[in-house]
Structure formats: C-alpha cells, structure tokens
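Written below as structure tokens is the structure these notes are about.
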Amino acid sequence: RILVASAQPVRLGHLSIAEEETVIRRGFEPLCDAGLADVEVLARATPASLHGYIATGNFSVVHFIGHGEYDAASDKGFLIFQDDQGNSYPVNDRSAREIFCGRGLRLVFLNACQTGQGGRADFNSGVAPALVAGGVPMVVANQYSVLDASATFFAQHFYWSLAHGMGVGEAAREARI
C-alpha cells in the first residue's frame, strides 16, 4: 500500500501535486489492476494527519510531495507541512523521525528540496539521514533544490521502474537518466 501525502502551504512555490499523483497512480496501474498494490492520497497533509495515517501500519510506502529546506545556520533539515489554515508548518528532522520511524515502512520518498542533505556536525541532522538512522530501510530524497517538473518526472520514472520489477537503486538510476 502506497500513501501519497501532499502539502502545499500558502506563500510557498506552487507544486504540480495533481500531476504527480496521476503519474504515481499510472506507474502502479498494472499492479493495482491485478490487486497487488493500492495507492491512497492524503491531500493537505499536516503532521498530525500524516501520523494518523501511517501509525496504522497499513502502508509500505509513503511518498511526500511538498517543500523541504535545510538551514545551514542551525545545521537542521525540515519538511514543510501545512497547518489547518494552510500556513507553513516546518517539521524538523527529529520530529519527522518520530512520525515516520517504527511504522513498518519499507520506503519513504521525499519529493521535496534539500531533504537529502545531511548536517555538517551531525550527518543525521538532515531529514532523510535521520529517517535512515531511525530504521527506515530506504529513503529517496533530494540533496539540493530541484525544479518541480524535474521532481515529478523523476517520480514518474522511478515508480514505473519499480512497478516493472527493478530494485530501488536500479529504479533511481533509470529515473536519473
């Protein structure tokens, strides 16, 4: 089961969330038609709503569509969710680890800028490194800022490759090409 969670806070760059959800569904369509996969969408994700979904243990994959940032001054990474009013709600690497880890997830795909960047003093202070350190077996993330169209294209080819039997490393390689 794949959970596609998206957050689009006001006053942050517009993301093509609907397009990305469509390409993810299309990538898994043969598996969904065969009853081997299920894609569920959580729009306007808040930290609490995402926690509620994945705390059930019903998902193997979480794909987060949103914004991320890395603050060099504090040497910390953040996922940017939205609050109930749609405003930015930054979640630091420690809180992200509490939300995602220990839930039986096999893959977390953070389609958000700078979520793959690790800290200088403590490499695990970035979001993706913190999730790996917390026990998530596979995390796909962007080390730098990335254009939304490029991120969506990468996700499309990554999931298409997974659905056709490639491993995560091979799927990431094919999607980068």
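The values are calculated or read from the model by the stated rules, or taken from the named source; none is laboratory data. Quick caveat, the model's predicted, so the values are computed rather than measured. A quick note on method: Cβ atoms are made from the backbone with ideal geometry, for glycine too, and the neighbour counts reach across all protein chains shown. What goes into the accessible areas is simple: the full protein's heavy atoms, side chains included, and nothing from ligands, DNA or RNA. Shrake-Rupley method; radii C 1.70, N 1.55, O 1.52, S 1.80 Å.
Using a 1.4 Å probe, how large is the accessible area of S95, given in Å² and rounded to the nearest 10?
Surface accessible to solvent at S95 totals approximately 50 Å².
As a test of reading the structure, rank H157, H63 by solvent-accessible area (1.4 Å probe, protein chains only), most first.
Correct descending sequence by accessible area is H157, H63.
What relative contact order, as a whole-number percentage, does the chain give when Cα pairs under 8 Å and 6 or more residues apart are counted?
Relative CO of the chain lands at 23 percent.
What is the pair-distance distribution P(r) of the range 15-168, computed from all Cα-Cα distances in 10 Å bins starting at 0, with each bin given as a whole percent?
Percent of pairs per bin, in order: 11, 41, 38, 9, 1.
Counting only protein heavy atoms, what percent of the accessible surface of the chain is carbon or sulfur at a 1.4 Å probe?
Ligands and nucleic acids excluded, carbon and sulfur give 51 percent.
What residues have an amide H closer than 5 Å to that of A37, excluding those fewer than 5 places away on the same chain, when H is modeled at 1.01 Å from N in the peptide plane?
It is C32, by chain and number.
Gain in length, T56 to Y144, computed as 0.36 nm per residue apart minus the alpha-carbon separation, to one decimal in nm?
My answer for the length gained is 28.5 nm.
With every protein chain present, what is the per residue accessible area of the range 1-147 (1.4 Å probe, Å²)?
Accessible area per residue, the range 1-147: 47 Å².
So what are the range 50-90's ellipsoid semi-axes, whole angstrom, largest first, if each one is the square root of 5 times an eigenvalue of the alpha-carbon gyration tensor?
Ellipsoid half-lengths, sorted descending, are 23, 15, 9 Å.
Find how many whole Å separate the alpha carbon centroid of the range 106-177 from the alpha carbon centroid of the range 1-36.
Taking the Cα centre of each part, the range 1-36 and the range 106-177 sit 15 Å apart.
Got a number for the accessible area of T56? Probe 1.4 Å, square angstrom, nearest 10.
80
Could you tell me which of G102, A172, A128 has its Cα farthest along the dipole of the range 91-177 towards the positive end, charges placed at Cβ (Lys, Arg +1; Asp, Glu -1), taken about the Cα centre?
Going by the charge dipole, the pick is G102.
How do Y144, Y159 rank by accessible surface area computed with a 1.4 Å probe, from largest to smallest?
The ordering from most to least exposed comes out as Y144, Y159.
With a point put 7 Å past each Cα toward its Cβ, work out how far A34 is from A73 in nm, to one decimal.
Calculated label separation equals 5.2 nm.
Shape call for the range 1-99 from the C-alpha gyration tensor, a ≥ b ≥ c root eigenvalues: rounded (a/c under 1.5), prolate (a/b greater than b/c) or oblate?
Prolate, since a/c reaches 1.5 and a/b exceeds b/c.
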